[in-house]
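Everything below concerns the one structure shown next.
The values are calculated or read from the model by the stated rules, or taken from the named source; none is laboratory data. Because the structure is a prediction, the values reported are computed rather than measured. Because the Cβ atoms are built from the backbone with ideal geometry, glycine has one as well, and the counts that use them run over all protein chains shown.
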């Protein structure tokens, strides 16, 4: 991930020193990889992390001499040849950088480009002739873009620190957004933990001109309906698009690494990439990296070994370091981010260290497999509406096991008819956050009222008005706000180490297809990821392809939180001291989980949400270090 | 509800076998498995339909509902007759010959 940013000031023009400060505050700034462009009212910056061959020699911000438009672009375009063809211009060489291709296409197509642009990106274009700034985020949003209205303009950036320590914003904390996070139901796609700093939601664009700032959703569908297509058609199309996603995400300045956990998703990426490399479809197979947790319930050694044997490879074993709270505090203070979650931090840190030490900059992950492919039963009402009663009943009756036929029938009816006859059930299916659960018992009721927590959840924008309920339900993956608070800090950390994560399962062309796939192809007979499992026949080792369980990596987060609470007990955490959270309830939750951990973390975890404890600890550190409140 | 067609108190009422029902937010939704049509009953209608889990005569059904809802017997009978007639028109209940 490169860092991009900019300032528009309609009255006073842009201070060059502010642009320099934004560059200096960007993760991964080495002293020589940042550049600014400025012309009176507008200034744009970019701090480069070149991860594609075409990006190595590119100049950004990039200005088109003919039109005077300027772009700063973070990301990768996966359909370069198509986009170049649409521009109708021959002036761009075949190895033109992605930023130049996008700017040329934007001049030709404007917003119509976005539905046709495949890739992973965030960009901003300054149109000097129109005195207008346009900022765009790709559908799934793996390239953050934050913005803040200023007295006479706007500032935007990839990172909060670029706005606060760079552009000189002095935001206060946003207790409403913090309340969502502490309640472990972060649903607002646009709010950040900082009041006044907004997030441009995935699949949205922002326009700023002298008339003001406006945002709108550009990703509205429609998505092709595959619900009447055959199993074979689905498998063939999925395989074609998955291969395309792997090829696209392998475009890099050098060898690419891939995380191999032993789970279905990451194993699919590693095994399929190996096949594509042998077939010459990608230059070289990714180097696989694995983390082991010997002796722990979550260790996936046998699954990793099965993939190694199948592909005749040896996965590079990396050892996650113990969670370092002093380093986390220092990093949070510098970046203004929440600390990394301990259950992923070790893997992230050790992977980045290994890539950096070996001169690699791209890591493929299996992220997105759960989101897109696990499936649900949200398509049952669509089947009822379409009169496909037998298909619906057959799928419903086959979905459960270990229950009576009468129970299954009632459940099938409830799942298929409930969202059609009950507004409450329809809302529960479509709303990103289920507000019918009420306020969690660890959140202080008074503070929940003060922050309008229930209203915040109720007011979350629904998905666009797509014709099928299943598609509206799946659209939630594009708009998953929880992803921002869990992932933005990871992306920032990786960028600071010169590493970019890529997620083939979030490929736009692949996800467009999945949006319209038959529900019964995603989940069938109670089996999640049915389509992926079918597509991976002959690719994955059978024991991995058929595995139904999934490692729950809990040991690192328990151990890290326990260590932190020894130094700073729950009653001393700021969210408890401020009266935001019920300290007694947090102590009880923590004790339940500590007891489970002490017994080896076998079997089912306690029913209470451990996120309550981690989120309280994380916000405590963030308030102290990033917001400098304690 | 009004009831233009009285039902014999001894008539046997039963649910057809091709129906399935599920309660959704306190109201029953009944699916006709043959036609794919589904019907939503209000809470009172849901209780009447539930009372027919085992076949009963019209008189037995009225008696059960009178006890449950504490209503005037004549009004109760009229309303239930109208409701049963509506159910019958949509093939959601079978009105058989006299049980006796």
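Side notes on the structure shown:
- Of all the criteria given as (1) surrounded by fewer than 17 Cβ atoms within 10 Å (Cβ to Cβ); (2) touching a residue at least 40 places away in the same chain (Cβ under 8 Å); (3) in a helix (DSSP H, G or I); (4) more than 23 Å from the chain's Cα centre (by Cα), the one not satisfied by residue A:322 is (3).
- Flag if residue A:142 is modelled with pLDDT under 95, buried (at least 22 other Cβ atoms within 10 Å of the Cβ) and assigned by TED's automatic domain parsing to the domain that holds residue A:77: yes
- Checking each residue in region A:577-605 for being in a loop (DSSP other than H, G, I, E, B) and either closer than 30 Å to residue A:452 by Cβ or in contact with a strand residue (DSSP E or B) (Cβ under 8 Å, 6 or more places away or on another chain) (or both) picks out A:578, A:579, A:580, A:582.
- Breaking point among (1) more than 9 Å from every other protein chain (Cβ to nearest Cβ); (2) free of Cβ contacts under 8 Å to residues at least 60 places away in the same chain; (3) more than 22 Å from residue A:573 (Cβ to Cβ); (4) in a helix (DSSP H, G or I), for residue A:403: (4)
- Single residue of A:491, A:532 found to be outside the structural domain of residue A:143 (by TED's automatic domain parsing), surrounded by 23 or more Cβ atoms within 10 Å (Cβ to Cβ) and not in a loop (DSSP other than H, G, I, E, B): A:532
- For region A:415-454, a residue qualifies if it is more than 14 Å from every other protein chain (Cβ to nearest Cβ), in contact with a strand residue (DSSP E or B) (Cβ under 9 Å, 6 or more places away or on another chain) and either surrounded by fewer than 19 Cβ atoms within 10 Å (Cβ to Cβ) or assigned to a helix (DSSP H, G or I) (or both), and the qualifying residues are A:447, A:453.
- Of the criteria (1) under 19 Å from the mean Cα position of the chain (by Cα); (2) in a helix (DSSP H, G or I); (3) at pLDDT 90 or above; (4) closer than 25 Å to residue A:373 by Cβ, which one residue A:483 fails: (3)
Matching residues to (1) under 22 Å from residue A:421 (Cα atoms); (2) more than 13 Å from the chain's Cα centre (by Cα); (3) within 14 Å of chain A (Cβ to nearest Cβ); (4) surrounded by fewer than 16 Cβ atoms within 10 Å (Cβ to Cβ):
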residue	(1), (2), (3), (4)
B:20	yes, yes, yes, no
B:25	yes, yes, yes, yes
B:30	yes, no, yes, no
B:48	yes, no, no, no
B:64	no, no, no, no
B:74	no, yes, no, yes
B:80	no, no, no, no
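- Region B:82-100, residues that are under 11 Å from the mean Cα position of the chain (by Cα) and closer than 12 Å to residue B:11 by Cβ: B:84, B:85, B:88, B:93, B:94, B:95
- Scanning region B:32-42 for residues that are more than 24 Å from residue A:428 (Cα to Cα) and facing another protein chain (nearest Cβ under 7 Å) returns a single hit, B:36.
- Test: residue in region A:445-466 that is more than 17 Å from the chain's Cα centre (by Cα) and closer than 27 Å to residue A:397 by Cβ: no
- When the test is whether a residue is in contact with a helix residue (DSSP H, G or I) (Cβ under 6 Å, 6 or more places away or on another chain) and touching a residue at least 12 places away in the same chain (Cβ under 8 Å), residue A:576 passes it.
- Only one entry in A:396, A:369 is free of Cβ contacts under 8 Å to residues at least 40 places away in the same chain, in contact with a helix residue (DSSP H, G or I) (Cβ under 6 Å, 6 or more places away or on another chain) and within 17 Å of residue A:530 (Cα to Cα), namely A:396.
- Region A:378-399: number of residues that are within 14 Å of chain B (Cβ to nearest Cβ) and either surrounded by fewer than 20 Cβ atoms within 10 Å (Cβ to Cβ) or not in a helix (DSSP H, G or I) (or both): 9
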